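Accompanying notes for the structure given below.
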Amino acid sequence: MSEETERDVVRGLKDVAAAETRISYVNPSGSLYYVGYNIDDLVGRIYYAEVAYLFLYRRLPNQRELDKFSSDLVSQMVLPSEVIESIRSTPKTCHPMDVLRTEVSHLGEFDPEGGSQTMNANMRRAIRLIAQVPTIVATLYRSRNDLPVPRPKDDYTFVENFLHMFKGTAPDREETKVLHRLMILHADHGFNASTFAARVTASTNSDMYSAVTSAIGTLKGPLHGGAGEKVMEMLDDIDMEEHVEEYIQGLLDDNKKIMGFGHRVYRAEDPRTKHLRGIVENLCHRQRTMSLYNKCVKIEKRVHDRKSIYPNVDFYAAVAMDALGVPKEFFTPFFCCSRVSGWAAHTIEQYEDAVLLRPSSKYVGEFGRPFVPIEER
Ligand code: ACO
């Protein structure tokens, strides 16, 4: 038989290195690097826009560069009117991720640089996408609630503008800090499924909108970015902290996955968790919802005792977004609002690598079946 029937299958592509990257490194023993910087050295000390800049230019900006980059982002936040209309006309019953996936693809129709695939055009396109994905999310949320969308303001930073457009109120200092942290921690994560999907699309020399659209469709799944929404459903289902043990026991007895737990790469705690657990505790304290935080801690302990697995980024991120007033069906779209910077940087890196990503498969079907004409079947 041919080679295709004899090769070994690496199920789930586990531990297969499909390309080189300089953007981020996920260390199985529990650390995460962005372009060489340990995230522990960045979180709480930089703005999300600095991380987006770092991914695109592979170095941190100085103050002048950051100011220019941030004002470029803010100036690009306005969507084409056709995209706004399209968002407003979507059925209220469809999931926000379906709308985001469609409207990012829609943005491609209005790209001012048409099909240009030069490096400079792609860098500008990346900035537009990083700026406009949050506006799509805010526009959808506001229109679903029959509320107007505030226009971006020059005296607000990019993240403040996002918060302002979503909530309609002047950005609160504490909430802005939380959103920066969430966006920084969600911005990139090695060759995760959605990033890989973006890179596969980019590897055919297709355009960046197509790559990001592929990524959004992939992030949507509950085994990936869709887990956060399921975490909140679980937390809502557990009516009081005293019922945590019984609830978790029930799920494990039924061989169900606990959402927001486990990870393909990390064999230790996800290094993003510690940066979120503390802010969730503070938020719950501030909002007098400590029983929610206590529930989380109990779930964490129970799952670890039973399965020796740790929470991943989605577990405490879900509670942080809930505390920001984000409805659970908007958790994954919020995730996209910053992961788009990672996807765009990976798309550009894939163009530079200039190799078609096309794996093989092991054929396990039949050979030599006798053909039967349709009238005899
Ligand atoms: N709940 C219960 N058991 C789990 C969980 C979980 N969340 N995660 C892993 N396990 C168990 C598996 O049942 C398996 O046990 P076994 O060896 O006794 O059969 C073992 O741990 C290994 O798990 P796999 O599923 O083989 O690990 P894999 O690397 O394929 O899966 C994944 C990783 C998909 C993230 C998995 O942990 C999971 O489904 N988690 C829940 C969904 C989730 O939170 N996804 C978000 C991931 S982070 C992100 O994408 C942003």
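Using only the Cα atoms, what convex hull volume per residue in Å³ does the chain have? Walk me through the numbers before you get to the answer.
Details: hull volume 72.5 nm³, N = 377.
Spread over its residues, the Cα hull of the chain gives 192 Å³ apiece.
Note on the chain: with a GNM built from Cα contacts shorter than 10 Å, the maximum mean-square fluctuation among ARG64, ARG142, ARG128 falls on ARG64.
Among GLU281, GLU242, what's the order by accessible area (1.4 angstrom probe), most exposed first? Let's see the in-between values first.
Values: GLU281 75, GLU242 120 Å².
Largest to smallest exposure gives the sequence GLU242, GLU281.
Working note: 222 nm ellipticity from helices only, DSSP H runs with n ≥ 4, each -39,500 (n - 2.57), summed and divided by the residues of the chain, gives -17500 deg cm²/dmol to the nearest 500. Need one word for the range 227-323: rounded, prolate or oblate. Basis is the Cα gyration tensor (sqrt eigenvalues a ≥ b ≥ c); a/c below 1.5 gives rounded, then a/b vs b/c decides. The shape class here is oblate. Note on LYS257 and VAL9: the model spin-label points, each 7 Å out from Cα along the C-beta direction, lie 1.8 nm apart.
Taking 27 Å as the cut-off for C-alpha to C-alpha distance, list the pairs among LYS256/LYS295; LYS167/LYS230; LYS68/LYS274; LYS230/LYS298 that go past it. As for pairs spanning more than 27 Å Cα to Cα, those are LYS68/LYS274.
Give the carbon-plus-sulfur fraction of the accessible surface of the range 227-323 in %, rounded to a whole number; probe 1.4 Å, heavy atoms of protein chains only. Don't skip to the answer; put the middle values down first.
Values: 2190 of 4800 Å².
Summing carbon and sulfur atoms, their accessible area is 46 percent of the total for the range 227-323.
Kindly state, to the nearest 0.05, the FRET efficiency for TYR57 paired with ASN27, given R0 = 22 Å and r defined as their beta-carbon distance.
On the way: r = 23 Å, r/R0 = 1.07.
For TYR57 and ASN27, the calculated efficiency is 0.40.
Using a Förster radius of 51 Å, what is the FRET efficiency between VAL372 and ARG151 based on their Cβ-Cβ separation? Nearest 0.05, please. The partial results should precede the final answer.
Values: r = 65 Å, r/R0 = 1.28.
With a Förster radius of 51 Å, E is 0.20.
Highest-first packing order for the peptide set 32-45, 227-240, 171-184 is 171-184, 227-240, 32-45, based on the mean count of other beta carbon atoms within 10 Å.
The values are calculated or read from the model by the stated rules, or taken from the named source; none is laboratory data. Here the structure is a predicted model, which means the values were calculated and not measured. Every residue, glycine among them, receives a Cβ derived from its backbone with ideal geometry; neighbour counts consider all protein chains shown. Note: areas computed on protein heavy atoms with side chains; ligands, DNA, RNA excluded. Shrake-Rupley method; radii C 1.70, N 1.55, O 1.52, S 1.80 Å.
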